[in-house]
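K.L.:
Structure in structure tokens, see below.
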Ligand SMILES: Nc1ncnc2c1ncn2[C@@H]1O[C@H](COP(=O)(O)OP(=O)(O)OP(=O)(O)O)[C@@H](O)[C@H]1O
């Protein structure tokens, strides 16, 4: 589903590459934790999957396409296949839960009827039934992150990328979000999550890829967090 082939990324003005000759393959339906110290290249890896950045060398394949070769008008179609969740939720503050989730479908041209058909089941999936008319500031942090997950997943992307999704949440709330990501993963959605949350990684026992200075220094099938940050 995702393949990095000798990928190096050096940002302009930087001497050291953020990613250094990365070779990596993530299969359909896998759940992968990306771990490593601050600055090791995790966010750069995720940005390359979304084509928010281009590799300096090498090739990136997503869902069978070499995405660094895609013409720019095809990039929105690529991004539709990749849902994203971030540490800071990134909800529209003046829109209700329903509107935030519906927005993801409006921008890809879905009709009102289609949106009305999938909204209730999506809110139920993330445990927010009955809260569709609230504004983000009327929700807890964990609930706001559930809205973000609903918005990322409502059009059933092939891949879900999560960059520190539990970074602003307390441990109990984080476990709830991880159960949700696990449930989404069980629908055969590939999940790639960058995290510094050692207890979550240790509880889930999924594939763990550790980066250090832009290189893979560990890749374990049922790994643990495994380093002191
Ligand atoms: N836009 C940019 N321009 C220049 N350098 C950048 C840019 N983004 C990241 N870098 C550099 O690339 C390296 C990798 O950064 P990246 O954000 O991918 O690390 P990270 O592992 O996600 O870190 P964190 O855990 O703090 O989020 C760092 O040295 C960083 O300073």
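Only the coordinates and a few stated rules stand behind these numbers; no lab work does. Every value quoted in this text rests on a predicted model; they were computed, and no experiment measured them. Positions of Cβ are generated from backbone atoms using ideal geometry, with glycine treated the same way; all protein chains shown enter the neighbour counts.
K.L.:
State, as an integer percentage, the relative contact order of the chain based on alpha-carbon contacts under 8 Å between residues 6 or more apart.
P.N.:
28
K.L.:
Pulled fully out, how much extra length does the chain show between residue 108 and residue 220, if you take 0.36 nm times their separation in residues and subtract their Cα-Cα distance?
P.N.:
Gain on extension, residue 108 to residue 220, equals 36.6 nm.
K.L.:
So what is the calculated 222 nm ellipticity per residue for the chain, using -39500 (n - 2.57) for each DSSP H run with n of 4 or more, over all residues, to the nearest 500 deg cm²/dmol?
P.N.:
Rounded to the nearest 500, it is -9500 deg cm²/dmol.
K.L.:
How much space per residue, in cubic angstrom, does the convex hull of the C-alpha atoms of the chain take up?
P.N.:
That works out to 127 Å³ per residue.
K.L.:
May I ask for the angle, rounded to the nearest 10°, between helix 97-106 and the longest principal axis of the chain, with both axes built from Cα atoms and the value confined to 0 to 90°?
P.N.:
That helix lies at roughly 60 degrees to the long axis.
K.L.:
When the chain is modelled as a GNM with alpha-carbon springs shorter than 10 Å, which of 80, 59, 134 fluctuates the most?
P.N.:
Its mean-square fluctuation being the largest, the pick is 134.
K.L.:
Quick one: which of 86-93, 161-168 comes out on top by average Cβ neighbours within 10 Å, and what's the full order, highest first?
P.N.:
So the peptides 86-93, 161-168, ranked by packing, come out 161-168, 86-93.
K.L.:
7 Å from Cα along Cα→Cβ at both residue 155 and residue 75: what's the point-to-point distance in nm?
P.N.:
Label-label distance for residue 155 and residue 75, simple model: 1.6 nm.
K.L.:
Kindly express, to the nearest 10 degrees and within the range 0 to 90, the angle between helix 171-185's C-alpha long axis and the longest C-alpha principal axis of the chain.
P.N.:
Orientation of helix 171-185: about 80 degrees from the principal axis.
K.L.:
Ok, one more. Could you order peptides 195-208, 60-73 by the average number of other Cβ atoms within 10 Å of their residues, highest first?
P.N.:
Ranked by mean Cβ neighbours within 10 Å, highest first: 195-208, 60-73.
K.L.:
Could I ask something else about it? Using per-residue counts of other Cβ atoms within 10 Å, averaged over each peptide, order 143-155, 32-44 from highest down.
P.N.:
143-155, 32-44
K.L.:
Relative contact order of region 148-229: what whole-number percent is it, with Cα pairs under 8 angstrom and at least 6 residues apart?
P.N.:
That works out to 26 percent.
K.L.:
Using only Cα atoms, find the angle between the long axis of helix 112-125 and the longest principal axis of the chain, and express it within 0 to 90 degrees, rounded to the nearest 10.
P.N.:
The helix 112-125 is inclined about 70 degrees to the chain.
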